[in-house]
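The values are calculated or read from the model by the stated rules, or taken from the named source; none is laboratory data. Please read all numbers here as calculations on a predicted model, not as lab measurements. All Cβ positions, glycine included, derive from the backbone under ideal geometry; neighbour counts span all protein chains shown.
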Amino acid sequence: MFEGVVSIFSNATPYMGLVKVYFGNRVLRKKRPVIFAHMVTFRCNMRCHYCMYWKKSGEEVSLGEVVKMLKEASEEGLAIYTATGGEPLLRNDIEQIVSAARDYGFYTTLVTNGLLLKRRGLSGLDLLTVSLDTLDREKFARITGVNALNEVVDAIKWASERFRMNVNVVVHEENANEIFRLVEFADSLGIGITFEPVSSYFAGCASISPKTLRRTFAEILRLKRDYRCIWNTEGYLRLVMETQNFPCLPYFLLRVNPDGTVIAPCYEVDHVAVGNLTSQTLKSVVSSDAFIKSCEVGECGKCYLLCYVEPSMVFSSLRWAVKSIYGILKA
Ligand code: SF4
Ligand code: SF4
């Protein structure tokens, strides 16, 4: 999702919706989401050991209901639509969903594990993100539960010629020694690469020690001087390396479950429902006390998920905004 923000700025797209929300949030002190983070399904064709989504089940709203949500979201000024999951490509109507998001003026992004990429058209997607934690075949099978590294690498190569894209690496103890290899892989294909440390949300399944975290993010920071394919900003990499708190504004993301439930925006407070877009309008959900209260978190550093850190810093500090935009344009 943050990658969407990066891509918007680097393309210098005149995105008036984003400017409007920036003004409303920063100057008028409103709490308005910008990114429609839509888990279109919990289903997944992988079994990552640190993930809980594939173990869930539940209803998925129809295409018609998704289109209604998109219309309301665009009227509320949300500017970026991210289809995520689970594995979003498992929805047979994902192409229509992305296309509807484009029609409503969203900058469209999709996060996938890559397995079904070659089978879906996805024309009109602005940014594709493929999750890739390792280039080691056995490790890949151990982490994801499927022996499919070759298929995913092949799909990334195929997609690199068709989409603006990046791979996103969740850094944990098992893959911290592969940073250079992963950067070289992205560089060789001319695609972006982003890193984020595993969240404490996955405690018990995957972890990273403070020592490994510092060492690894210092390495990424060093590599960034020579590799333009690393899209993380310097500010982000330093923040993680120094494990600093930051003024988190989690309401930047409107997190919507497959059944239309809006959940509290903070990643660490999962499953707390604050509304449902099938029975309520989006405007009434984002103006409700439940939503606004769930956004009041202040300084935090419990997770360093890209989609929270970078937008939060851009929206809370002009200095960070200038530095981020400078870093992005330089990339
Ligand atoms: S590919 Fe993504 S959604 Fe699927 S199991 Fe792995 S982390 Fe979870
Ligand atoms: S940094 Fe803290 S408040 Fe922000 S999303 Fe992460 S856990 Fe939630």
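Go through the stretch 83-173 and tell me which strands (runs of 3 or more DSSP E), entirely inside it, have 1 or more residues that are within 16 Å of ligand 2 (Cβ to nearest atom) and modelled with pLDDT under 95. Reasoning before the result, please.
Details: elements: 107-112, 127-131, 165-171.
The strands (runs of 3 or more DSSP E) meeting that bar are 165-171.
Out of all the residues in the stretch 261-302, which are within 30 Å of residue 239 (Cβ to Cβ), away from ligand 2 (no atom under 13 Å from the Cβ) and in a loop (DSSP other than H, G, I, E, B)?
271, the sole residue that qualifies.
Do you know which residues across the stretch 143-178 are more than 15 Å from residue 112 (Cβ to Cβ) and in contact (Cβ under 8 Å) with a residue 24 or more places away in the chain?
Answer for the stretch 143-178, where residues must be more than 15 Å from residue 112 (Cβ to Cβ) and in contact (Cβ under 8 Å) with a residue 24 or more places away in the chain: 143, 145, 171, 172, 173, 174, 175, 176, 178.
Looking for whichever is surrounded by 14 or more Cβ atoms within 10 Å (Cβ to Cβ), closer than 30 Å to residue 214 by Cα and at pLDDT 80 or above here; the options are 276, 232, 257. Which one fits? Give the derivation first.
Values: 276 fails: closer than 30 Å to residue 214 by Cα; 257 fails: closer than 30 Å to residue 214 by Cα.
Exactly one residue qualifies, and that residue is 232.
Considering every residue within the stretch 201-221, establish whether at least one is among the polar types (S, T, N, Q) and within 16 Å of ligand 1 (Cβ to nearest atom). Let's see the steps before the verdict.
From the stretch 201-221, those among the polar types (S, T, N, Q) are 207, 209, 212, 216; that's our starting set.
Checking which are within 16 Å of ligand 1 (Cβ to nearest atom) leaves us with 207.
Looking through the stretch 201-221, at least one residue is among the polar types (S, T, N, Q) and within 16 Å of ligand 1 (Cβ to nearest atom).
Just one of the numbered conditions (1) touching a residue at least 12 places away in the same chain (Cβ under 8 Å); (2) assigned to a loop (DSSP other than H, G, I, E, B); (3) more than 16 Å from ligand 1 (Cβ to nearest atom) is not true of residue 258; which one?
Evaluating residue 258 over (1) touching a residue at least 12 places away in the same chain (Cβ under 8 Å); (2) assigned to a loop (DSSP other than H, G, I, E, B); (3) more than 16 Å from ligand 1 (Cβ to nearest atom) leaves (3) as the failure.
For residue 47, which of the numbered conditions (1) modelled with pLDDT of 95 or more; (2) within 14 Å of ligand 1 (Cβ to nearest atom) fails to hold?
(1)
Just to be sure I understand the filter: pairs with C-beta atoms under 9 Å, separated by 6 or more residues or on different chains, first member in the stretch 207-225 and part of a helix (DSSP H, G or I), second member at pLDDT 95 or above and surrounded by fewer than 17 Cβ atoms within 10 Å (Cβ to Cβ). Which pairs pass?
Filtered contacts from the stretch 207-225: 216/177; 219/180; 223/180.
Okay, residues lined up against (1) within 16 Å of residue 196 (Cα to Cα); (2) in contact with a Lys or Arg (Cβ under 8 Å, 6 or more places away or on another chain); (3) crowded, with 16+ Cβ neighbours inside 10 Å:
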{"position": "111", "(1), (2), (3)": "yes, no, yes"}
{"position": "122", "(1), (2), (3)": "no, no, yes"}
{"position": "155", "(1), (2), (3)": "no, yes, yes"}
{"position": "164", "(1), (2), (3)": "no, no, yes"}
{"position": "176", "(1), (2), (3)": "yes, yes, yes"}
